[in-house]
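Please find one structure pasted underneath; my questions will follow.
What follows draws every value from the coordinates through simple rules; no lab data is involved. Source: prediction; values computed, not measured. Glycine also receives a Cβ, built like all others from the backbone with ideal geometry; neighbour counts cover every protein chain displayed.
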Amino acid sequence: MKVLGIMGSPRIEGNSDILLSQALAGAKEAGADVEKIILDRKHIAGCKDCKKCNKIGVCAIKDDMAEIQEKILDADAIIHSSPVYFWTMTSQMKAYLDRWCVFFDAQWRWQKDYYPKMRSKRIGLITVCGDTNVHTGDPIVHSFKSTVDMTKMQWLGSVMASADDKGDIANNETAMQQAFELGKKAATP
Ligand SMILES: Cc1cc2nc3c(=O)[nH]c(=O)nc-3n(C[C@H](O)[C@H](O)[C@H](O)COP(=O)(O)O)c2cc1C
């Protein structure tokens, strides 16, 4: 069982990172092998809509997304974590998500080669916003959940939390517990 964590904040050891680590600790306790990818340390260009991948299932852009794509294919579950930036996900997370195009054909169906590995994948999400209303993160949930619904993957649910200063989320016992439980769920078929 492999659980992959995708960290979308440029603030290493910030709130999204802490909650993702907590989720991965939960997954580990449930017996999974875990790995975290920090998107800000990778080179991931934006999708160019060249449509080459729709035909051949290989992205024309040669950057770090190729290795991440392999890890996605290999994982049983993926937990994404992003702070809210201007009412949506960070640019790092958006560039990553747009590059998921490589998995689809021109009709937004899974590429045949990827279908067996992608169809049963479990996807979870963590959002952190500075606003006291955690629903400020709703647009991020909408993006990820809609992707999961469209492709019939399994939605693990989301942990939505509020914190502003770096690391403050560690004092939020409820969010820390919810993230841990999300990780355990990700590791449970
Ligand atoms: C560029 C930028 C834009 C932000 N936009 C919002 C926003 O629209 N709504 C909000 O509630 N918080 C916003 N925030 C605050 C962050 O979501 C908040 O500080 C969060 O805890 C950061 O998480 P991190 O420690 O994982 O980076 C913004 C922060 C930055 C740096």
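Could you bin all the Cα-Cα distances of the stretch 69-168 into 5 Å bins starting at 0 and give me the percent of pairs in each, rounded to whole numbers?
Percent of Cα pairs in each bin: 2, 13, 23, 24, 17, 11, 7, 3, 1.
Out of residues 5 or more away from I78 or on other chains, whose amide H comes under 5 Å of its own, with H placed 1.01 Å from N in the peptide plane?
L4, R122, I123, G124
If you don't mind, another one. Ordered by residue, what ³J(HN,Hα) values in Hz, to whole numbers, does the stretch 117-126 give under the Karplus form 6.51 cos²θ - 1.76 cosθ + 1.60, where θ = phi - 60° and Gly and Pro are x?
Along the stretch 117-126, the couplings run 8, 8, 4, 9, 5, 9, 10, x, 8, 10 Hz.
Could you list I140, I123, I38 so that the one with the fewest beta carbons within 10 Å of its beta carbon is first and the one with the most is last?
I38, I123, I140
Using only the Cα atoms of the stretch 138-189, build the gyration tensor, take square roots of its eigenvalues as a ≥ b ≥ c, and label the shape rounded, prolate or oblate: rounded if a/c is under 1.5, else prolate if a/b is larger than b/c, else oblate.
Oblate is the answer for the stretch 138-189, as a/c is 1.5 or above yet b/c matches or exceeds a/b.
Please list, ordered by chain and number, the residues whose modelled amide H lies under 5 Å from the amide H of V159; skip anything fewer than 5 residues away on the same chain.
Those qualifying (amide H under 5 Å, at least 5 residues apart or on another chain) are L125, I126, T127.
Tabulate in residue order the Karplus-calculated ³J(HN,Hα) for the stretch 38-44, using 6.51 cos²θ - 1.76 cosθ + 1.60 with θ = phi - 60°, rounded to whole Hz; enter x for Gly and Pro.
Here the 3J(HN,Hα) series is 9, 4, 5, 8, 10, 9, 10 Hz.
Please list, in order along the stretch 69-85, the HN-Hα scalar couplings obtained from phi with the Karplus expression 6.51 cos²θ - 1.76 cosθ + 1.60 (θ = phi - 60°), rounded to whole Hz, x for Gly and Pro.
The phi angles translate into 4, 4, 5, 4, 4, 7, 7, 7, 9, 10, 10, 9, 9, 9, x, 7, 10 Hz.
Turning to a different aspect of this structure: Please give every one of the lysines within straight-line cross-link reach of K55, meaning a C-alpha to C-alpha distance under 19 Å, and leave out same-chain neighbours fewer than 8 residues apart.
K112, K117
Oh, and also: Given the chain, report the % of alpha carbon pairs whose separation exceeds 28 Å.
19 percent
Which of the aspartates and glutamates could a cross-linker span from K2 if the Cα-Cα distance has to be under 13 Å and same-chain partners fewer than 8 positions apart are dropped?
Excluding near neighbours in sequence, the set is E29, D33, E35, E70, D74, D76.
Looking at this model, which pairs from K28/K185; K42/K94; K145/K166 are more than 21 angstrom apart at the alpha-carbon?
Too far apart for the 21 Å limit: K145/K166.
Mind checking which of N54, N172, N15 has the largest fluctuation in a GNM of the chain, springs on alpha carbons under 10 Å?
Maximum fluctuation in the GNM of the chain, among the listed residues, is at N172.
Take the chain, mark every one of the chymotrypsin sites (Phe, Trp or Tyr not before Pro) that falls in a DSSP loop and has at most 14 other Cβ within 10 Å, then report the longest stretch left between them, sites excluded.
Value returned for the longest uninterrupted segment is 1-85.
Which parts of the stretch 1-26 would a label at E70 reach, counting a residue when its backbone N lies under 16 Å from a point 7 Å out along Cα-to-Cβ?
none
Please report, in whole Å³, the volume per residue of the convex hull around the C-alpha atoms of the stretch 1-90.
106 Å³
What are the trypsin sites (Lys or Arg not before Pro) within the stretch 68-145 that DSSP puts in a loop, where the Cβ has at most 10 other Cβ atoms within 10 Å?
Those satisfying the criteria are K112.
I37's amide H: which non-local residues (gap 5+, or another chain) put their own amide H closer than 5 Å, with H modeled 1.01 Å from N in plane and none for Pro or chain starts?
G5, I6, M7
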